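Comments concern the structure below.
The values are calculated or read from the model by the stated rules, or taken from the named source; none is laboratory data. The structure presented is a predicted model; accordingly, all values stated were derived computationally and were not measured. Heads up, the Cβs are rebuilt from the backbone with ideal geometry, glycines too, and the neighbour counts pull from every protein chain shown. SASA here: full protein model, heavy atoms, side chains in, ligands and nucleic acids out. Shrake-Rupley method; radii C 1.70, N 1.55, O 1.52, S 1.80 Å.
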Amino acid sequence: MSKLTRAEVEKVAALARLGLTEAELSKLEGELNLILEQWARLAQVDTSHVAATAQTIVQPMPLRDDTPGPSLPVDEVTRNAPAHVGGLIRVQAILSEEADG
Amino acid sequence: MTAAELRRASAQQLRDAYKAGSATAVELLAALYAAIDREDAQLGAWLYLRREEAQAEALAADTRYAAARAEGPAALAALPPLLGIPVALKDLVNLINTPTTAGSRILEGYVSPYDATIATRLKAAGAILLGKTNMDEFAMGSSTEFSAYKKTVNPWARDRVPGGSSGGSAAAVAAFHAPLSIGTDTGGSIRQPASLTGLVGMKPTYGRVSRYGIVAFASSLDQVGPFARTAHDAALLLHAISGRDAHDATSSTEPLDAQLLNLPAGDAAAAGIKGRRFALPKEYFVAGMEPGVEQAVREAVRALEAAGALVEEVSLPATEHALATYYIVAPAEASANLARFDGIRYGASGHGEGNLLDGYLATRGRGFGPEVRRRIMLGTYALSAGYYDAYYVKAQKVRTLIAQDFERVWAAGFDAIVAPTSPQVAWRFGAKMADPISMYLSDACTLPANMAGLPGVSIPCGLSEGLPVGLQLIGRPWSEASLLTIAAGYEALTATAAWRSVEPHDLAALSGGAT
């Protein structure tokens, strides 16, 4: 299987929203490629007639009744937010004037 | 009982003493916190102590025992089995108005607004919740060295790791800071530290215990389970936390086995080994296994045979692919679960400078430690366009093969698989930190059971170079009571073995003398 290039490592870090330094990215590039060598061995396993398993213990998963019940008070929920005001969590603007489209 | 006796007592012994009026939960609590105060600067098992609430819970328990004693034997028998029994919680179990860190800087300062279902159940059962224990960040690790907060040492040897990721919960029980603790096991994080610290540690069947309120790592693998010093105690704790929970759709409606509260003891337990059929998988005696570990495990198997068990070697051929499969599936699920740590709703935040994206990058880049970053990167890559089929779907297919290996063993009529838990005894700090794959390999014998959703338990089976070795029993789905019955049988068979009377060597050194 393919080897991860530096550009791919940077792309995956961006997808994962991990802001990493150049040194951290370099270290990860080496480590990830060693681990990918282990993964590559799976390609040798014949799974042409095997179904994928997402969960092995197959059980009915009944949904709970859709009835109203008490929820946590708003101030309890928002007290862990780094910035909140009037029962709302403060978030930075997601649109900017320079945004394309 | 003296303070030294109280801290060493099992949950069962404590319950009997409370009923007889020969000990109180308040006395016990004082003995445990005194030990923690003397020793935890060295041990490093605890991240948070819940002194005031625990004291109130101990007083309430003593009041109930006193009232029941005055009323008579029927009232005493009706008390819940964990009443007044202290339990430590791995610091990824949410407790209301209490910090939860999951061993990570990204949750520094987080205070939970609610109780996990297992916390609700333990409180209802009358348990005393002592506090929260150290762990590898987000349960990713096998030595607890990836905690962002502190180092936890193995009470058997201060220069060695306690295993992980539930290393704090294991060290706390091994060092007699608590009779019971809660861990989580995604690839071996209960069984492996139990093995390295000489405890009983069980990963129940997937779905047996609710995960509501427990910080998620890999949701198709994570299970919650007990650490204890005896099989009976592990069964008591498992019984209290198990069962369907409307808040966790993956929790099972499978009925609880009442046998958990009535495991056989002594000669009856030992006699129960006769006629049992055990499968010994040759692939679990992996390359790199320490000879002393293999010797202790094979001796344990011989002891079972001598007691009348039938042991046959079997082959589980997909085992060799379990490690790679696990290290695709678990990071993939982790990368999705950990996407929630965005620095906006809770936890440490890097938002403020720059735009929203800059805030995410800063929050997550600074908040996650090295192993968590590695796993998020691996998982994001495995799930990314162009690689999803080659890695993630392929791993899910190999996962089917791993599950089928086990199904063949059950179809052949075996009661359980017997195997080593860890290929090694506790290793020295730093020995695997520079090499992620060597750290991952330490879970080679435990993670197949997670891939198949099966229950497994590690029980002490001797010492190698003076350090504990664990014997692993893996069973068919929902066979926890049967596995713990076998464990109780093995305990009875080896009750007089010399290694059983050895206490962790560095216990006295943790406080500079007194225990």
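Specify the inter-centroid distance of the stretch B:363-438 and the stretch B:135-166, based on alpha-carbon positions, in whole Å.
The stretch B:363-438 and the stretch B:135-166 have Cα centres spaced 18 Å from each other.
Would you mind giving the mean number of other chain beta-carbons within 10 Å of the Cβ of each residue in B:433-439, as a whole number? The partial results should precede the final answer.
Working: counts 0, 1, 2, 4, 5, 0, 0.
Per residue, the number of nearby Cβ atoms from other chains is 2 on average.
How large is log10 I(q)/I(0) at q = 0.06 Å⁻¹ when the Debye formula is applied to the Cα atoms of the protein assembly as shown, each weighted equally and without solvent?
-0.30
Please work out the C-alpha center-to-center distance from the stretch A:39-94 to the stretch B:332-360 and express it in whole Å.
After rounding, the separation between the Cα centres reads 15 Å.
With θ set to phi - 60° and the Karplus curve 6.51 cos²θ - 1.76 cosθ + 1.60, what are the ³J(HN,Hα) couplings of the stretch B:77-83 in order, to the nearest whole Hz, using x for Gly and Pro?
5, 7, 5, x, x, 9, 4
Quick check on the protein assembly as shown: of the DSSP beta bridges with both residues there, what percent are antiparallel, nearest 5%? Kindly include the intermediate steps, with their values, before the conclusion.
Working: 33 of 48 bridges.
Approximately 70 percent, going by the DSSP bridge assignments.
Which value at 222 nm does chain B reach when only helices count, each DSSP H run of 4 or more adding -39,500 (n - 2.57), with the total divided by all residues and rounded to the nearest 500 deg cm²/dmol? Display every interim value, and only then the final one.
Numbers: 19 runs with 207 residues, N = 515.
Helix-only estimate at 222 nm: -12000 deg cm²/dmol.
Quick one: check the C-alpha center-to-center distance for the stretch B:270-326 versus the stretch B:451-515, whole angstrom.
Taking the Cα centre of each part, the stretch B:270-326 and the stretch B:451-515 sit 15 Å apart.
Less than 13 Å Cβ to Cβ from B:Ser252, Lys/Arg counted +1 and Asp/Glu -1: what total charge do the surrounding residues give?
Numbers: positive: B:Arg208, B:Arg211, B:Arg244; negative: B:Asp245, B:Asp248, B:Glu254, B:Asp257, B:Glu480.
Once positives and negatives cancel, what remains is -2.
Among the listed pairs B:Lys282/B:Lys397; A:Lys11/B:Lys282; B:Lys19/B:Lys274; B:Lys90/B:Lys274; B:Lys203/B:Lys394; B:Lys132/B:Lys397, which have their C-alpha atoms separated by more than 32 angstrom in this model?
Numbers: B:Lys282/B:Lys397 23 Å; A:Lys11/B:Lys282 42 Å; B:Lys19/B:Lys274 34 Å; B:Lys90/B:Lys274 37 Å; B:Lys203/B:Lys394 26 Å; B:Lys132/B:Lys397 38 Å.
Where the Cα-Cα span goes over 32 Å, the pairs concerned are A:Lys11/B:Lys282; B:Lys19/B:Lys274; B:Lys90/B:Lys274; B:Lys132/B:Lys397.
Residue farthest toward the positive end of the dipole of chain A, with Cβ of Lys/Arg at +1 and Asp/Glu at -1: which of A:Ala13, A:Ala52, A:Val74?
A:Ala52
Throw me the Rg/Rh for chain A, computed over C-alpha atoms with Kirkwood Rh, two decimals.
Values: Rg = 22.9 Å, Rh = 20.1 Å.
Expressed as Rg/Rh, it is 1.14.
Considering every residue in B:392-401, what mean count of other chain Cβ atoms within 10 Å of its Cβ is obtained?
Working: counts 1, 2, 7, 6, 7, 10, 6, 7, 7, 5.
Average neighbour count from other chains, rounded to a whole number: 6.
Give the average, rounded to an integer, of partner chain Cβ atoms located within 10 angstrom of each Cβ in B:260-267. Walk me through the numbers on the way to the answer.
Numbers: counts 0, 0, 0, 0, 0, 0, 0, 0.
Mean partner-chain Cβ count within 10 Å for B:260-267: 0.
Which residue, B:Ser142, B:Ser165, B:Leu32, has the largest displacement toward the positive end of the dipole of the protein assembly as shown when charges sit on each Cβ (Lys, Arg +1; Asp, Glu -1)?
B:Leu32
Which residues of the stretch A:48-67 bury at least 40 Å² of accessible area once all protein chains are present, versus their chain alone (1.4 Å probe)?
A:Val50, A:Ala52, A:Thr53, A:Ala54, A:Gln55, A:Thr56, A:Ile57, A:Gln59, A:Met61, A:Pro62, A:Arg64
I'd like the accessible area for A:Leu25, computed on protein heavy atoms only with a 1.4 Å probe and all protein chains in place. Round to 10 Å², please.
10 Å²
Rg and Dmax of chain B over Cα atoms: what are they, in angstrom?
Considering chain B through its Cα atoms, Rg and Dmax are 21.8, 71 Å.
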